[in-house]
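Values in this text are rule-based calculations from the coordinates and carry no lab data. Model, not experiment: these values are computed from the prediction. FYI the Cβ positions are ideal-geometry reconstructions off the backbone, even for glycines, and counts take in every protein chain you see.
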Amino acid sequence: MSVGGPVQTSANVDLGRLDAVTEAVVSGAGLPEVVRAAARALDCSLVLIDRSSSVLAVAARSPADERSLMTQAAGVQIHELRVGDSPVGRLRLRPRGEGPSPALLRVVFTLIASEVERLRAPDRASEAAQTAFLNALLDRTVTDRGNIIARGEELGVKLAEGGAVVVVRAHHFAATEDDWRLRVLNAAERPARVSVPGSLAAIIDRDGAGHAVLLLPVRDGQIVRRVADSIARELASALSGLRFAVGHSRVAIDPVDLHRAGHEAMLAANVAEADSGGGESQPTRVLAFEDTGSYRLLLPAMSEDRAELKRFYAETVGPLAAYDEQYETDLVQTLETFLECDGNVAGTAQRLYTHRHTIRYRLERVREISGLDVGSTEGRESLSLGLKSMRVLGIPAPRGPAHEAGAAGGRVRRDSKDRRA
């Protein structure tokens, strides 16, 4: 027979622990205090991280405890925080005792996730507005000068004297669970906003890939180059396991021409990515639109009639790329190298570490599959423009091991495959 006060069930204990957490949320004490209250309620050390991998709050017993939470130390658990179907961050947790009950964990996680989402609401509204405006500029759904200037001023950017655009394309070498595109955007916009206050930044989806697009309200082309170089340095130092291509436009004096500037930067980034070779040996490359050479001639097709550019690619190099993907051959790279070597078979063989007979065999396959002969001026010109179209469109060249008949003279050395954004 028990004597004394009421029995403290686990449910009562859990509810008691939640009081401080709910009080911190209701009083608007802020995320650090909410996390500290959660750490006491769960009897755990905690680190709260947002979707871009930025640390929002820490509740640890010591700097050493905090450092161990940020690594894969023994006993550290990682829990994703979600509001509905949307992830809002992660919680790194290490129990100090037996650990909290699953029911208490669920409630505390829900409270923290809701607080993160509530505090991020203004930022998300700003992010959405920037994304909508940059999309409108690139798609030319906003073309009136006064409208462009007015919408820019609503976002805190002055575009009356024009501006320039920087585009960052990123590829990761290994699988990752977090939203690394947000980390790329955050790393790119830091130097941009330090050098050019009022710059806008957003992730823009084009052709199935996400690009970090930055709009700089400047008139000086040298500033644009310096900002692009600063972005490249920041990306290389802040993010590992990724390679980057940074392209930037000329300055558009009239805000109506920002549409053109956006496509100039996109073209430069596409060409920079293709020219980097796709490997870790050159993880970051910066290219100005002025330095893209003959690719500049394809800008009108890219910005005004991409469908025609895609048709030309499909009629020239497209069949070769499809054949390479299906049979893991190397016709596209062989063709690229052959043209870069001014049609010299021996030089191509040396560059690709293979035999001259193999190169001749592949070039014959190029003729059979595409219907274009690299031995003729017209054939070389069409295939060269097809390769340029592929790069301008941002289509990655197929890269698979060469197994085609006639390749016994040697194998092509290449970088390991990377995962596309």
Under the definition of Cα pairs under 8 Å and six or more residues apart, what whole-number percent is the relative contact order of region 10-120? 27
Hz values of 3J(HN,Hα) by residue in region 160-169 - Karplus curve (6.51, -1.76, 1.60), Gly and Pro given as x: 4, 9, x, x, 9, 10, 10, 10, 10, 9
Efficiency of FRET from Cβ geometry, residue 71 and residue 326, R₀ 41 Å, rounded to 0.05: 0.45
Would you work out the relative contact order for region 309-409, in percent, from Cα pairs under 8 angstrom that are 6 or more residues apart? 42
Arrange the peptides 256-265, 94-103, 28-37, 156-165 so that the one whose residues have, on average, the most other Cβ atoms within 10 Å appears first. 256-265, 156-165, 28-37, 94-103
Applied in sequence order to region 253-262, the curve 6.51 cos²θ - 1.76 cosθ + 1.60 (Karplus, θ = phi - 60°) yields integer Hz couplings, x standing for Gly and Pro, of 5, 9, x, 5, 8, 5, 4, 4, 4, x
